[in-house]
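One structure below.
The values are calculated or read from the model by the stated rules, or taken from the named source; none is laboratory data. Keep in mind the model is a prediction, meaning the values are calculated, not measured. All Cβ positions, even for glycine, are placed from backbone atoms using ideal geometry, and neighbour counts span all protein chains on display. Ligands, DNA and RNA are stripped out before the accessible areas are found, and what is left, the full protein with its side chains, is counted by its heavy atoms. Shrake-Rupley method; radii C 1.70, N 1.55, O 1.52, S 1.80 Å.
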Amino acid sequence: MKHVSVLLNEAIDGLNVRENLTYVDATLGYGGHSSEIQKRLKRGFLFAFDQDLTAIEHSKQLFKDCKNVTLIHSNFVNMKEKLRELGIEKVDGIIFDLGLSSPQIDDADRGFSFMKDAPLDMRMDKSKSLSAKEVVNDYALEKLVDIFYKYGEERYSKSIALSIVKNRPINMTLELVEIIKKSVPTKYFLTHHPERQIFQAIRIEVNEELKVLEKVLPDAIDLLNPKGRLSVITFHSLEDRITKQIFKKYSEVPDIVKGLPNIPDEYKPKIKLINRHPILPSEEEQSQNSRSRSAKLRIIERI
């Protein structure tokens, strides 16, 4: 299974890995970032999370000879709790790569791709009950419009949702693509990608991606030791906006105490921004890996 990690060197260098400390890869995938972290460790330790059992099984082989790597089959939203169960209260670096891995996209059976026919699924954790099929066939019109507009930022959300409701039941990915195509003006479909936006919206809903991101980033900041770093790679504007807003909140003094001669400890910034503007893939990386084009990397350090 071939997967090329996006912004690999930039994200790992941003963590400032030290050989004897403890690190977390919140999104193990097929082990690209984890491998680079592990290479830099001697007596240090790496904990790697993934909710996708296929990714865990693949990486078991990759790290079978590594005694300083523990793989954890769980959504990263449970990171704090799972680490505590292992006796870990603080760590020295955490990385999130929020994109789909190439094998997930390329495996037609997973139903993530709008270019290959497959049953509607899109579950990263296949043990979960909610799949794309339920979202497409069971959600009320108003709810579909809401998630298409909010998570897909699609201007024709309402007409697409109306067509979906009218053509139920829908079971296959390319069946859904055809319905989307017929729901928008021909000119629009030639210059835009509503199918990409709608599939993104459904995937976010199925996997609760933005909800778990909003919860886990404050937890991740709390887990960091002083001088510990957090690297976050996002792939669409909604993820980047959430990351930027949370980093802003934790790196600034709140307005209510600004100007006071002595700022109470609970209001002092917890982090500092390592890069004020997101790091983007180089032109070379973008030309070699088209899936990297929308990636943005933000890095912070715990004070």
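Restricting the first member to region 9-29 and to residues that are under 19 Å from Asp50 (Cα atoms), and the second to residues that are of a type in the set (Asp, Glu) and not in a loop (DSSP other than H, G, I, E, B), the beta-carbon pairs closer than 6 Å and six or more apart or on different chains are Ile12/Glu36; Thr22/Asp92; Thr27/Asp97; Leu28/Asp50.
Considering every residue within region 106-118, establish whether at least one is assigned to a helix (DSSP H, G or I), under 24 Å from Ser294 (Cα atoms) and open to solvent by 60 Å² or more (accessible area, probe 1.4 Å). Before you say what the answer is, go through the steps one by one.
Residues of region 106-118 that are assigned to a helix (DSSP H, G or I), as a first pass: 106, 108-110.
Imposing the further condition that a residue be under 24 Å from Ser294 (Cα atoms) reduces the set to 106, 108, 110.
Now narrow it down to the ones that are open to solvent by 60 Å² or more (accessible area, probe 1.4 Å): 106.
Yes, region 106-118 contains a residue that is assigned to a helix (DSSP H, G or I), under 24 Å from Ser294 (Cα atoms) and open to solvent by 60 Å² or more (accessible area, probe 1.4 Å).
Quick check: anything in region 40-49 free of Cβ contacts under 8 Å to residues at least 60 places away in the same chain, open to solvent by 60 Å² or more (accessible area, probe 1.4 Å), closer than 18 Å to Asp219 by Cβ and in a loop (DSSP other than H, G, I, E, B)? No: region 40-49 contains no residue that is free of Cβ contacts under 8 Å to residues at least 60 places away in the same chain, open to solvent by 60 Å² or more (accessible area, probe 1.4 Å), closer than 18 Å to Asp219 by Cβ and in a loop (DSSP other than H, G, I, E, B).
Could you please give the count of residues in region 168-189 that are in a loop (DSSP other than H, G, I, E, B), open to solvent by less than 20 Å² (accessible area, probe 1.4 Å) and farther than 15 Å from Phe148 by Cβ?
The first filter runs over region 168-189 and keeps only residues in a loop (DSSP other than H, G, I, E, B), leaving 168-171, 184-185.
With open to solvent by less than 20 Å² (accessible area, probe 1.4 Å) added as a condition, the list becomes 170, 184.
Next, only the ones that are farther than 15 Å from Phe148 by Cβ stay: none.
Adding up the residues that qualify gives 0.
The rows are residues; the columns are (1) more than 22 Å from Glu301 (Cα to Cα); (2) touching an Asp or Glu at 6+ places or on another chain (Cβ under 8 Å).
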site	(1), (2)
Arg40	no, yes
Phe45	no, no
Leu53	yes, yes
Ile56	yes, yes
Asn68	yes, no
Asn78	no, no
Gly87	yes, no
Leu98	no, yes
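Does region 50-70 include one or more residues that are under 26 Å from Ser294 (Cβ atoms), without any contact (Cβ under 8 Å) to a residue 12 or more places away in the chain and not basic (Lys, Arg)? Looking for residues that are under 26 Å from Ser294 (Cβ atoms), without any contact (Cβ under 8 Å) to a residue 12 or more places away in the chain and not basic (Lys, Arg), one finds none in region 50-70, hence no.
Look at Tyr139 and say whether it is surrounded by 14 or more Cβ atoms within 10 Å (Cβ to Cβ), closer than 13 Å to Ile198 by Cα and touching an Asp or Glu at 6+ places or on another chain (Cβ under 9 Å). Walk me through how you get there before you give the answer.
On the way: surrounded by 14 or more Cβ atoms within 10 Å (Cβ to Cβ): yes; closer than 13 Å to Ile198 by Cα: no; touching an Asp or Glu at 6+ places or on another chain (Cβ under 9 Å): yes.
No: the conditions fail for Tyr139.
Residue count for region 218-228 satisfying the condition of being open to solvent by less than 40 Å² (accessible area, probe 1.4 Å) and in contact (Cβ under 8 Å) with a residue 60 or more places away in the chain: 6. Considering only residues that are assigned to a helix (DSSP H, G or I) and in contact (Cβ under 8 Å) with a residue 60 or more places away in the chain, which ones fall in region 129-149? Matches in region 129-149: Ala132, Val135, Val136. The set of residues in region 247-288 being closer than 24 Å to Tyr23 by Cβ and either open to solvent by less than 50 Å² (accessible area, probe 1.4 Å) or among the small types (Gly, Ala, Ser) (or both) consists of Phe247, Tyr250, Ser251, Pro269, Ile271, Asn275, Pro278, Pro281, Glu285.
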